[in-house]
Amino acid sequence: MNRNTFKLTRASVDRLLAPDPSGRQRLLFDAELKGFGVLVSGTTAAKSYVVQRDVNGKTRRITVGRTNVLSLEEARRKAIGLLAQLAGGIDPKEEKRREQANAITLAEALES
């Protein structure tokens with residue numbers, strides 16, 4: 001097992017030190033769900049669930065949610081959906097950017 005991979009449980013996430021003593025971000029992946037992990041800040045007390053996978057030739061990392069907001073079960077469910085999108089070649093970040101670029105602004109709506 002890779003040293004950056006471990007069994008992700010509520011207790012194991014709670015035991016992770018944030019900020020990381022190294023002063024650098026640390027990404028630890030779940031041993032069970034490939035591409036799902038926890039990103040620990042190097043400078044603040046923040047810990048976030050993330051997914052990471054290659055899509056269209058680029059490595060994409062997407063934040064699922066903060067560990068103090070989402071339960072591990074909720075984060076895992078969301079991660080499965082995001083990983084499925086990425087596996088299908090859909091980049092949720094890019095889709096959101098496109099939607100925002102195509103969205104009508106309030107000023108444009110009032111003008112018409």
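Values quoted throughout were computed directly from the atomic coordinates according to the rules given, and no laboratory measurement underlies them. It should be emphasised that the depicted structure is a prediction, and the values quoted were computed from it without experimental measurement. Cβ placement follows ideal geometry from the backbone for every residue including glycine, while neighbour counts extend to all protein chains displayed.
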Helices (runs of 4 or more DSSP H) within region 46-112 that include 2 or more residues farther than 27 Å from residue 8 by Cβ and out of contact with any helix residue (DSSP H, G or I) (no Cβ under 7 Å at 6 or more places or on another chain): 92-102, 106-111
Taking region 39-72 and keeping residues among the small types (Gly, Ala, Ser) and within 12 Å of the chain's Cα centre (by Cα) leaves 48, 65
Is it the case that residue 65 is surrounded by 13 or more Cβ atoms within 10 Å (Cβ to Cβ), touching a residue at least 24 places away in the same chain (Cβ under 8 Å) and closer than 19 Å to residue 7 by Cα? no
For region 1-32 the number of residues that are small (Gly, Ala, Ser), more than 12 Å from residue 67 (Cα to Cα) and either touching a strand residue (DSSP E or B) at 6+ places or on another chain (Cβ under 8 Å) or surrounded by 14 or more Cβ atoms within 10 Å (Cβ to Cβ) (or both) is 1
Given the criteria more than 21 Å from residue 6 (Cα to Cα), exposed (fewer than 15 other Cβ atoms within 10 Å of the Cβ) and among the aliphatic types (A, V, I, L, M), does residue 87 qualify? yes
Top-ranked residue in region 16-45 [being of a type in the set (D, E, K, R) and in a strand (DSSP E or B); ranked as farthest from residue 75 (Cα to Cα)]: 26
So residue 75, is it more than 23 Å from residue 93 (Cβ to Cβ) and either among the β-branched types (Val, Ile, Thr) or within 17 Å of the chain's Cα centre (by Cα) (or both): no
Answer with yes or no whether residue 86 is in contact with a strand residue (DSSP E or B) (Cβ under 7 Å, 6 or more places away or on another chain) and in contact (Cβ under 8 Å) with a residue 24 or more places away in the chain. yes
